[in-house]
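A.B. asks: Have a look at the structure that comes next, please.
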Number of protein chains: 2
Amino acid sequence: MASISLTLNLALVESALQLVPTEIQAHPQIKKYAARRMKRPSEVLLDRTFHHTAMQKLAQKRFRLPVEKMGRPDIVHTTLLQILETPLNWEKHLRVFVHTQDDYVISVNPKIRLPKNYVRFVGLIEQLFANKQVPERGSPLMKLEKGTVQNLIARIQPGQVLGFSIMGQPTLMRTAAKDASEIADPLIFIGGFPRGHFSDDTSRSIHSIFKVDRESLDAWVVAGRFVYDFEWAIGVAQRRIKPEKDGHD
Amino acid sequence: MASISLTLNLALVESALQLVPTEIQAHPQIKKYAARRMKRPSEVLLDRTFHHTAMQKLAQKRFRLPVEKMGRPDIVHTTLLQILETPLNWEKHLRVFVHTQDDYVISVNPKIRLPKNYVRFVGLIEQLFANKQVPERGSPLMKLEKGTVQNLIARIQPGQVLGFSIMGQPTLMRTAAKDASEIADPLIFIGGFPRGHFSDDTSRSIHSIFKVDRESLDAWVVAGRFVYDFEWAIGVAQRRIKPEKDGHD
């Protein structure tokens, strides 16, 4: 019954985070956007807010990835903001990975201080795609490698892979967190895309998929709540605050 | 013991959200920024990421507001993202307000679909400051009025005002949420600024101030967790998912 897992591995998978694909780098909307940011079209992140028209072209060309799920770096940013500055991470019980739609894996150093500003975050990720790590020299705060969901699993060797999706088994989030805390090195998959379900490939590698609400929840809500429930499940939340002792501990 | 409050009033107070002050509208950094966005310097939101140099001038001039706590619209954005698309809000148990450092109060319609993209959010808030409501015509999704923290309290008439701050009484967040659910129309204050404590004026209007972790937590982490704990306290989380029934309810 006691919790055995002290480290939660959390991966945003199939995240809508990628550079502008070659196929639309010459599109006027992309060229103008890149010029304004003083970068080459090949160096900027795809962003639906700014590249909607160009992305329609991509859809027409039947691009190899699901275009309606692409170009949302904000999902990764908002989710990371919600889980990195938490007691769970401060106490080294959290390891965070971002797997992307075109099979890159970003390993996030728990010590990172993520830019709170979205524009800065986008700049940092562009740097990461250019240099494979940030900062360019010294101990990396983020590292980028080629890798599939299966590679990530092989690397972490989790006791089980758990996932969250509206297509899953109805389960209270707190129960899922408690269960996860009783697995050795649990690995949690949360979709880093706007709507819909995991790909078949990803689904097949998940042991249990949970649905924690009637409606689809944003990735950052699921991640934030799960990290919080996991803190409780392993006692971090309670240990850090002692209500009876005037705060001296 | 049963919960009596079905509606949580949550206010981000003294939020670092304001238009560029008159005193620095002629600063080259501001003029260039506004021109690039095809707006007047008086129409753009102050943003530390882009206006750092100009803000240093403001600090030297001993501006009437705490400059180190200004120019962070991202705090309001990230926090709203974390609490608006939640079961608590979907079930109409949440009312959200944003009070700003220079005493404006934004009332947020629970039906709003907030822009997920930061750049879009900034544009929307600039529109709100220009027109006092968005959209300009019809039922407002956000409304802006002059108002102090005291005005907000007079309007909501809460049973109690509770606040979160590192200077508060050590309390488990879950306990605070349970307590809040037993108050008629509780009003929660969370600081919408980067660091530090509420102003003396604000502190005086709060009945109980809670410290829920050893370290200072970001506004969006506190707000997200409290909304979640409040959902549990009033039974929303549990009611929406029935683990035993294969999800048919």
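A.B. asks: Using each residue's phi in region B:67-72, evaluate 6.51 cos²θ - 1.76 cosθ + 1.60 at θ = phi - 60° and report the 3J(HN,Hα) Karplus result to the nearest Hz, with x for Gly and Pro.
C.D. replies: Listing the rounded values in order: 4, 5, 9, 9, x, 10 Hz.
A.B. asks: Now, a different point. Note the distances from A:R37 to each other copy's matching label point, with points 7 Å along the Cα-to-beta-carbon direction, in nm, sorted shortest first.
C.D. replies: 1.7
A.B. asks: Still on this structure: Roughly speaking, what % of Cα-Cα pairs in region B:104-225 are separated by over 25 Å, rounded to a whole number? Provide the component values of the computation, followed by the final result.
C.D. replies: Working: 2476 of 7381 pairs.
When all Cα pairs of region B:104-225 are counted, 34 percent exceed 25 Å.
A.B. asks: Starting at 0 and stepping by 5 Å, how many percent of the alpha carbon pairs of region A:16-126 end up in each bin?
C.D. replies: Here the calculated profile for region A:16-126 is 2, 11, 21, 21, 17, 12, 8, 5, 2, 0.
A.B. asks: Over chain B, with a Gaussian network built from C-alpha contacts below 10 Å, which listed residue (B:V76, B:V134, B:V105) shows the highest mean-square fluctuation?
C.D. replies: B:V134
A.B. asks: Averaging sequence separations of C-alpha pairs under 8 Å and six or more residues apart, then dividing by the length of region B:154-249, give the relative contact order as a whole percent.
C.D. replies: This gives 38 percent for region B:154-249.
A.B. asks: Follow-up. Mean separation of Cα pairs under 8 Å and 6+ residues apart, divided by the residue count of region A:1-130: what relative contact order is that in percent?
C.D. replies: Across region A:1-130, relative contact order equals 34 percent.
A.B. asks: Taking the Cα atoms only, what angle lies between the long axis of helix A:219-233 and the longest principal axis of chain A, rounded to 10 degrees?
C.D. replies: 20 degrees
A.B. asks: Still on this structure, I have one more. Would you list which lysines come within 17 Å of B:K31, measuring only between C-alpha atoms, while excluding same-chain residues fewer than 8 positions from it?
C.D. replies: B:K39, B:K57
A.B. asks: Determine the dipole magnitude for the protein assembly as shown: charges of +1 sit on the beta-carbon of Lys and Arg, -1 on that of Asp and Glu, nothing else is charged, the reference point is the Cα centre, and the result goes in debye to the nearest 20.
C.D. replies: 1860 debye
A.B. asks: Moving on. For region A:166-171, what does the Karplus curve 6.51 cos²θ - 1.76 cosθ + 1.60, with θ = phi - 60°, yield as ³J(HN,Hα) per residue in whole Hz, taken in order and with x for Gly and Pro?
C.D. replies: Once θ is set to phi - 60°, the couplings for region A:166-171 become 4, 8, x, 7, x, 8 Hz.
A.B. asks: Further question on the same structure: Can you tell me which of B:A233, B:A26, B:A177 moves the most in a GNM of chain B? Springs connect C-alpha atoms under 10 Å apart.
C.D. replies: Of B:A233, B:A26, B:A177, the most mobile in the Gaussian network model is B:A26.
A.B. asks: For A:T148, B:T78, which order do you get if you count the other beta carbons within 10 Å of each Cβ and list the fewest first?
C.D. replies: A:T148, B:T78
A.B. asks: Using a Gaussian network model of chain A whose springs link C-alpha atoms within less than 10 Å, name the residue from A:A35, A:A11, A:A180 with the highest mean-square fluctuation.
C.D. replies: Residue with maximal mean-square fluctuation among A:A35, A:A11, A:A180: A:A35.
A.B. asks: Compute the helix-to-body angle for B:73-84: its Cα long axis versus the longest principal axis of chain B, expressed 0 to 90° and rounded to tens.
C.D. replies: Result, in degrees: 20.
A.B. asks: Points 7 angstrom from Cα along the Cβ direction at B:K132 and A:R62: gap in nanometres?
C.D. replies: Label at B:K132, label at A:R62, 5.6 nm between them.
A.B. asks: Oh, and also: From the helices alone, meaning DSSP H stretches of at least four residues, give me the mean residue ellipticity at 222 nm for chain B, per-run term -39500 (n - 2.57), in deg cm²/dmol to the nearest 500.
C.D. replies: -11000 deg cm²/dmol
A.B. asks: Using a label point 7 angstrom from Cα along Cα-to-C-beta, what distances in nm, from shortest up, separate A:R239 from the other copies?
C.D. replies: Sorted ascending, the copy-to-copy spacings read 3.6 nm.
A.B. asks: Follow-up. Relative to the longest principal axis of chain A, what angle (0 to 90°, nearest 10) does the C-alpha long axis of helix A:48-60 take?
C.D. replies: Roughly 70 degrees between the two axes.
A.B. asks: Can you pull out the trypsin sites (Lys or Arg not before Pro) in region A:91-153 whose DSSP state is coil and whose Cβ has at most 10 other Cβ atoms within 10 Å?
C.D. replies: Values: sites: A:K92, A:R95, A:K111, A:R113, A:K116, A:R120, A:K132, A:R137, A:K143, A:K146; in loops: A:K92, A:K111, A:R113, A:K116, A:K132, A:R137.
Passing sites in region A:91-153 are A:R113, A:R137.
A.B. asks: Report Rg(Cα)/(2.2 N^0.38 Å) for region B:114-158, keeping two decimals.
C.D. replies: Computed over Cα atoms of region B:114-158, the ratio equals 1.36.
A.B. asks: Taking amide hydrogens as modeled 1.01 Å from N in the peptide plane, which residues meet the under 5 Å criterion relative to A:F164, leaving out close sequence neighbours?
C.D. replies: The answer is A:F189, A:G191, A:F210.
A.B. asks: Considering amide H positions built from the backbone, and no H for Pro or chain starts, which residues 5 or more places from A:L19, or on another chain, come under 5 Å of its amide H?
C.D. replies: Close amide H contacts, sequence-distant or interchain: A:L46.
A.B. asks: Give the percent of DSSP beta bridges with both residues in the protein assembly as shown that are antiparallel, rounded to the nearest 5. Could you put the intermediate results ahead of the total?
C.D. replies: Working: 24 of 64 bridges.
Just about 40 percent of them are antiparallel.
A.B. asks: Here is a follow-up. Taking Cα atoms of chain B, Rg/Rh with Kirkwood Rh, to two decimals?
C.D. replies: Answer for chain B: 1.00.
A.B. asks: What percent of all Cα-Cα pairs in region B:161-249 falls in each 10 Å bin, counting up from 0?
C.D. replies: Percent of Cα pairs in each bin: 16, 45, 24, 10, 4, 0.
A.B. asks: Once the Cα gyration tensor of the protein assembly as shown is diagonalised, what are the square roots of 5 times its eigenvalues, in whole Å and ordered largest first, as equivalent ellipsoid semi-axes?
C.D. replies: On the way: eigenvalues 216, 203, 90 Å².
One finds semi-axes of 33, 32, 21 Å for the protein assembly as shown.
Read the figures in this text as sums done on the coordinates, not as results from a lab. All values reported here derive from a predicted model rather than from experimental measurement. Don't worry about glycine lacking a Cβ; one is built from the backbone with ideal geometry, like all the others, and counts go over all protein chains shown.
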